[in-house]
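The values are calculated or read from the model by the stated rules, or taken from the named source; none is laboratory data. Every value quoted in this text rests on a predicted model; they were computed, and no experiment measured them. Here the Cβ is made from the backbone with ideal geometry for all residues, glycine too, and neighbour counts use every protein chain on show. Protein only, heavy atoms only, side chains kept; ligands, DNA and RNA dropped before computing areas. Shrake-Rupley method; radii C 1.70, N 1.55, O 1.52, S 1.80 Å.
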Amino acid sequence: MKQKLSFLLALCLFCACLSPASTAQASGSKVVKLKENKTYYYDLNGDKKKEKIEIKCKYRKNSNDTIQVYVNEEKLFSQKDDYLYGMFYLIDLNAKDKYKELLVETHSDSEVNAAFEAIRYQGKNKKSILKSNGIHGDKIKCNSRQLELYRFSLLSNTGKNKFYISADRPYSNTYFGSYYCKVPVTVKNGKLVAQKSSTYETAAFTKKFVYQLNRSMALYSKASTSSKSITCKSGSKFKALSLKPVETTKANGALFVKVKMTSGKIGWLYFPAFSKNNTNFNYYLKTVPGWG
């Protein structure tokens, strides 16, 4: 009898381990990714009752694509555009309140953001939407004049009214090329507002890319051309760790890049602002990353 009970207990535990945690709730910094054309059940407003969440996407071969999000049969988000696709998340922007938000991120032609907003469902016919940018790549609202954000994706969440996005080239520099970096976004007065930082950690593709110098460059100990330096020869390879914009009031300004050379040395490389007297994009790097 004891052997039978032990077997049944073991079987129950085994089945429990195999059962998918389809109702796991986003809490604190946790982010739950939701798939298109699926139905989910989560408590969004802290009333101990699970809402029915439907993600409906119709893609018509890059023409008149449609994305809709429903909560308890109520349409809370709808968008129609060409070359449209979406990414959807359950996110807890503020771990201290009772709400969980639905974050909708859509992209259109050339992966430019078509929408990026967090939907807070408060009950039947009650909602608030924390918006950033609008249709066709209008820039996300920002507290900096130069931080240009038109192509970005959710990266991570803190649960303290702050999360991070992976942004494509918020500060342009022709000689360093295209890159992704980590940009903080806060909730302020019902809006999602990108925050200016002194430095930005690299992200996505850029974090892994191996660069190679096309000419000898000074490797500075600090993000300053007056700091101590050593010379890195042409052909030297490195990975980019973070970026520090020098000029933040104009496009194509100077940029410091913190790097780790394959030799193990860490320091800062200086890429000057673009000059019409030097139109050689590969002047500093053998391969300058670039996309649309």
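From the set of residues in segment 276-292 that are polar (S, T, N, Q) and touching a residue at least 12 places away in the same chain (Cβ under 8 Å), which is nearest to GLN212 (Cα to Cα)? Let's see the steps before the verdict.
Looking only at segment 276-292, we keep the residues that are polar (S, T, N, Q), and these are 277-280, 282, 287.
Then drop every residue that is not touching a residue at least 12 places away in the same chain (Cβ under 8 Å), which leaves 282, 287.
Working: ASN282: 10, THR287: 7 Å.
The residue in question is THR287.
Only residues that are assigned to a loop (DSSP other than H, G, I, E, B) and of a type outside the set (D, E, K, R) were counted in segment 167-211, giving 19.
Just to be sure, is LYS98 open to solvent by 90 Å² or more (accessible area, probe 1.4 Å), touching a residue at least 24 places away in the same chain (Cβ under 8 Å), closer than 19 Å to ILE129 by Cβ and of a type in the set (D, E, K, R)? Break it down into steps so the answer makes sense when it comes.
Working: open to solvent by 90 Å² or more (accessible area, probe 1.4 Å): yes; touching a residue at least 24 places away in the same chain (Cβ under 8 Å): yes; closer than 19 Å to ILE129 by Cβ: yes; of a type in the set (D, E, K, R): yes.
Against the criterion (open to solvent by 90 Å² or more (accessible area, probe 1.4 Å), touching a residue at least 24 places away in the same chain (Cβ under 8 Å), closer than 19 Å to ILE129 by Cβ and of a type in the set (D, E, K, R)), LYS98 qualifies.
Within segment 212-243, the residues that satisfy the criterion of being touching a residue at least 40 places away in the same chain (Cβ under 8 Å), part of a strand (DSSP E or B) and more than 21 Å from ARG151 (Cβ to Cβ) are GLN212, LEU213, MET217, ALA218, LEU219, TYR220, LEU241.
Given the criteria within 18 Å of ARG169 (Cβ to Cβ), open to solvent by 30 Å² or more (accessible area, probe 1.4 Å) and modelled with pLDDT of 95 or more, does LYS239 qualify? Answer is yes for this residue. Residues in segment 28-49: is at least one open to solvent by less than 30 Å² (accessible area, probe 1.4 Å), in contact with a Leu (Cβ under 8 Å, 6 or more places away or on another chain), assigned to a loop (DSSP other than H, G, I, E, B) and small (Gly, Ala, Ser)? No: segment 28-49 contains no residue that is open to solvent by less than 30 Å² (accessible area, probe 1.4 Å), in contact with a Leu (Cβ under 8 Å, 6 or more places away or on another chain), assigned to a loop (DSSP other than H, G, I, E, B) and small (Gly, Ala, Ser).
Having 2 or more residues that are of a type in the set (D, E, K, R) is the bar; report the strands (runs of 3 or more DSSP E) wholly within segment 56-98 that clear it. Let's see the steps before the verdict.
Details: elements: 65-71, 74-81, 85-91.
It comes to 74-81.
So in segment 277-292, with the set limited to residues that are open to solvent by 40 Å² or more (accessible area, probe 1.4 Å) and under 22 Å from the mean Cα position of the chain (by Cα), which one is nearest to VAL112 (Cα to Cα)?
Of all residues in segment 277-292, those open to solvent by 40 Å² or more (accessible area, probe 1.4 Å) come to 277, 279-283, 286-287, 290-292.
Subsequent filtering for residues that are under 22 Å from the mean Cα position of the chain (by Cα) retains 290-292.
On the way: GLY290: 15, TRP291: 12, GLY292: 10 Å.
Among them, the one singled out is GLY292.
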